[in-house]
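Visitor: To start, I am sharing the structure in question, which I have written as structure tokens.
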Amino acid sequence: MAKIQAHYDGAVIGGGIAGMQAALDLAGQGFRVLLVEREPSIGGIMVGLNKVFPTLDCSSCICTPRMAEAAHHERIDLLTYTEVEEVRRTDGHFTLRLLKKPRYVVEEDCIGCGKCEQACDWFVPHEFDYGLGARKAIYIPHGNAIPQLPVLDPEHCMFDGACARVCPKNCIDFLQQPERLEVKAGSVIIATGLKLTPMEAKKEYGGGRYANVISPLLMERMQSSNGPTGHVMRPSDGRIPRSVAYVQCAGSRDRTIGVPYCSRVCCMYALKQAILIRQHHPGTEVTLYYMDIRAFGKGYEQFFRRALAEGVRVVKAKVGRITEEPDGDLVLRVELIDEGGRVAEIRHDLVVLSQGLIPAWRPVGIVPARLDEDGFFEVPEVTTRPANSSVDGIFVAGVATGPKDIPDSIVEAGAAAMEAAMYLDRISRVEAEEAAMSEVSND
Ligand SMILES: Cc1cc2nc3c(=O)[nH]c(=O)nc-3n(C[C@H](O)[C@H](O)[C@H](O)COP(=O)(O)OP(=O)(O)OC[C@H]3O[C@@H](n4cnc5c(N)ncnc54)[C@H](O)[C@@H]3O)c2cc1C
């Protein structure tokens, strides 16, 4: 574990692209920063993506240098696999109560050689590949993980000691316990990001029940060159699909599932994945069933036009129901809006549900900053101070405040770091003035 100080200028909660950028920008201005991530590696959603819209640049090629920079910055201390149990305001600063979860590996001694992983005989579906690939019971989270340290999963470990026997540094510790830490910080930046609406949220689509109805994050991993398959395939039989359907708004703009808002990035990630499917498998048809195409960012409308030019079909339709055929194909019952509401049944062999974005962390009663009615962090002055929470000294960035893409998350992270720097400067000037006043009155 990194050597942790008792006091930091800033604590950043969440090590996705927004949190890393905020930590780097604050540290770049000379402040000492603690970056806290609850997973065993930093990187958030971005490190698992294949390519990014609208440029189709490799996602991990952009993300991993930032991960390395954040982890090795001289003014940033990194705490991974750590939960934030409480943030409270205590005379002029914030106190964070943290729970460092056991990796069952002595972090300071481990050299990340991976021998423990190789020696382990137990395979488990890999969370990073959304269950399609496998990992061991002791494993380095993925090839680009930072830190490159293994974590032991006690639920699947047989405790046969195979990993401990091969460890050259003797650093497997089956008895490691959770560790409680308390640190103080002058300011806090919350960048805890997103998770997707559950696959099962719309029961009529069969998500979680039908093997060939999949999540867009699984599609990202299948399309990644370092993913579990290296190409798009049907989970049921491993076949390259001939016709793929995207169901848009399959977890957004829907009051019945408690997500009334637009998740902003789904049209774009679906178009991106569709273009890439067409490039890799030109014989495969891709159809997006959509209500509106929201291509809101710089170059995004052009990206939509490019998708059409590259043969992606878009159909304005409402998907009412999906049923599964015995061979694993899916039949979509759709209301074709441009055909006067005609109802049709259309067969595809793979369906991607464009799930919506919801907050990954909804702390109630343990963080003084308020949440909005959708569970994201409230931004009271959203037009003029988009990185300020409801509490002076706590700033927010990325999807923690609402759905957004990577460029907007990075811009907001910069704004949060700048607001935190100005806040710290203001606080230290007030403290200096108060100290000077009390010296005068003592004289
Ligand atoms: C399928 C899909 C494809 C996408 N493709 C693109 C694309 O091509 N281009 C683009 O611009 N955008 C894309 N996006 C959007 C992009 O993923 C987000 O904009 C970006 O990940 C937001 O970054 P973030 O740091 O706010 O959140 P995240 O990436 O979610 O990072 C948040 C981090 O905080 C950690 N965390 C959460 N809670 C806590 C806690 N309590 N304590 C400590 N740590 C915590 C998480 O573990 C995570 O590491 C896509 C999204 C999806 C779902």
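The values are calculated or read from the model by the stated rules, or taken from the named source; none is laboratory data. Just so it is clear, the structure is predicted and the values come from calculations on it, not from any experiment. No Cβ is skipped: glycine too gets one built from the backbone with ideal geometry, and neighbour counts run over all protein chains shown.
Visitor: Answer yes if at least one residue in segment 203-214 is among the β-branched types (Val, Ile, Thr) and under 26 Å from the mean Cα position of the chain (by Cα), and no otherwise.
Guide: Initially, segment 203-214 is screened for residues among the β-branched types (Val, Ile, Thr), giving 213-214.
When the remaining residues are screened for being under 26 Å from the mean Cα position of the chain (by Cα), the result is 213-214.
Yes, the conditions are met somewhere in segment 203-214.
Visitor: Which one of the conditions (1) without any contact (Cβ under 8 Å) to a residue 12 or more places away in the chain; (2) in a helix (DSSP H, G or I) does GLU220 fail to meet, given that it meets all the rest?
Guide: Against the list (1) without any contact (Cβ under 8 Å) to a residue 12 or more places away in the chain; (2) in a helix (DSSP H, G or I), GLU220 comes up short only on (1).
Visitor: Is it the case that ALA11 is surrounded by 21 or more Cβ atoms within 10 Å (Cβ to Cβ), in contact (Cβ under 8 Å) with a residue 12 or more places away in the chain and of a type in the set (Gly, Ala, Ser)?
Guide: Working: surrounded by 21 or more Cβ atoms within 10 Å (Cβ to Cβ): yes; in contact (Cβ under 8 Å) with a residue 12 or more places away in the chain: yes; of a type in the set (Gly, Ala, Ser): yes.
The answer is yes for ALA11.
Visitor: Among residues belonging to segment 357-371 that are aliphatic (A, V, I, L, M) and in a strand (DSSP E or B), point out the one that is nearest to the ligand (Cβ to nearest atom).
Guide: First, pick out the residues of segment 357-371 that are aliphatic (A, V, I, L, M): 357-358, 360, 364, 366-367, 369, 371.
Subset that is in a strand (DSSP E or B): 357-358, 371.
Details: LEU357: 6, ILE358: 11, LEU371: 13 Å.
Only one residue tops the list, namely LEU357.
Visitor: Right, another one. Please indicate, with yes or no, whether at least one residue in segment 374-389 is touching a residue at least 12 places away in the same chain (Cβ under 8 Å), away from the ligand (no atom under 16 Å from the Cβ), not in a loop (DSSP other than H, G, I, E, B) and not acidic (Asp, Glu).
Guide: Yes - at least one qualifying residue is present in segment 374-389.
Visitor: Would you confirm, using the coordinates I've provided, whether ALA191 is in contact with a Phe, Trp or Tyr (Cβ under 7 Å, 6 or more places away or on another chain) and either over 21 Å from GLY44 (Cα atoms) or within 10 Å of the ligand (Cβ to nearest atom) (or both)? Please lay out each step first, then the result.
Guide: On the way: in contact with a Phe, Trp or Tyr (Cβ under 7 Å, 6 or more places away or on another chain): no; either over 21 Å from GLY44 (Cα atoms) or within 10 Å of the ligand (Cβ to nearest atom) (or both): yes.
So ALA191 does not fit the description; no.
Visitor: Looking only at segment 390-437, filter to residues that are of a type in the set (Asp, Glu) and modelled with pLDDT of 95 or more; which one of those is nearest to the ligand (Cβ to nearest atom)?
Guide: From segment 390-437, those of a type in the set (Asp, Glu) are 392, 405, 408, 412, 419, 425, 431, 433-434; that's our starting set.
After this cut, where a residue has to be modelled with pLDDT of 95 or more as well, the list is 392, 405, 408, 412, 419, 425.
Working: ASP392: 21, ASP405: 3, ASP408: 7, GLU412: 8, GLU419: 16, ASP425: 25 Å.
Result: ASP405.
Visitor: Give all pairs with beta carbons closer than 7 Å in which a residue from segment 18-38 that is without any contact (Cβ under 8 Å) to a residue 60 or more places away in the chain and more than 13 Å from the ligand (Cβ to nearest atom) meets a residue that is in a helix (DSSP H, G or I) and of a type outside the set (D, E, K, R); count only pairs at least 6 apart in sequence or on separate chains.
Guide: Taking only residues 6 or more apart or on different chains, the pairs are VAL33/ALA23; VAL33/LEU26; VAL33/ALA27.
Visitor: Can you tell me which residue in segment 253-279 is nearest to the ligand (Cβ to nearest atom), limited to those that are buried (at least 24 other Cβ atoms within 10 Å of the Cβ) and closer than 15 Å to MET291 by Cα?
Guide: VAL265
Visitor: Hey, another quick one. List the residue pairs whose Cβ atoms are under 6 Å apart, where the first residue sits in segment 69-83 and is closer than 18 Å to ASP9 by Cβ and small (Gly, Ala, Ser), the second is outside any strand (DSSP E or B) and near the ligand (Cβ under 10 Å from one of its atoms), and the two are 6 or more positions apart or on different chains.
Guide: Cβ pairs passing all conditions: ALA70/MET20.
Visitor: Residue pairs, Cβ under 9 Å, 6 or more apart or interchain, first in segment 397-413 and closer than 17 Å to GLY356 by Cα, second of a type in the set (S, T, N, Q) and near the ligand (Cβ under 6 Å from one of its atoms). List them.
Guide: Sorted first by the residue in segment 397-413, then by its partner, the pairs are GLY398/THR192; GLY398/SER409; VAL399/THR192; VAL399/SER409; ALA400/THR192.
Visitor: Among the residues that make up segment 127-137, is at least one of them within 27 Å of GLN273 (Cα to Cα), within 14 Å of the ligand (Cβ to nearest atom), hydroxyl-bearing (Ser, Thr, Tyr) and outside any strand (DSSP E or B)? Even if it seems obvious, please write down each step before you answer.
Guide: Going residue by residue through segment 127-137, those that are within 27 Å of GLN273 (Cα to Cα) are 127-135.
Subset that is within 14 Å of the ligand (Cβ to nearest atom): 127-130.
Going one step further and asking which of them are hydroxyl-bearing (Ser, Thr, Tyr), we end up with 130.
Imposing the further condition that a residue be outside any strand (DSSP E or B) reduces the set to 130.
Yes, segment 127-137 contains at least one residue that is within 27 Å of GLN273 (Cα to Cα), within 14 Å of the ligand (Cβ to nearest atom), hydroxyl-bearing (Ser, Thr, Tyr) and outside any strand (DSSP E or B).
Visitor: A further question follows. Taking the condition farther than 30 Å from GLY238 by Cα and either among the basic types (Lys, Arg) or not assigned by TED's automatic domain parsing to the domain that holds ARG239 (or both), does ARG305 pass? Break it down stepwise before answering.
Guide: Numbers: farther than 30 Å from GLY238 by Cα: yes; either among the basic types (Lys, Arg) or not assigned by TED's automatic domain parsing to the domain that holds ARG239 (or both): yes.
It is true that ARG305 is farther than 30 Å from GLY238 by Cα and either among the basic types (Lys, Arg) or not assigned by TED's automatic domain parsing to the domain that holds ARG239 (or both).
Visitor: Next question, about the same structure. Can GLN118 be described as more than 16 Å from the ligand (Cβ to nearest atom), in a loop (DSSP other than H, G, I, E, B) and among the polar types (S, T, N, Q)? Let's see the steps before the verdict.
Guide: Values: more than 16 Å from the ligand (Cβ to nearest atom): yes; in a loop (DSSP other than H, G, I, E, B): no; among the polar types (S, T, N, Q): yes.
So GLN118 does not fit the description; no.
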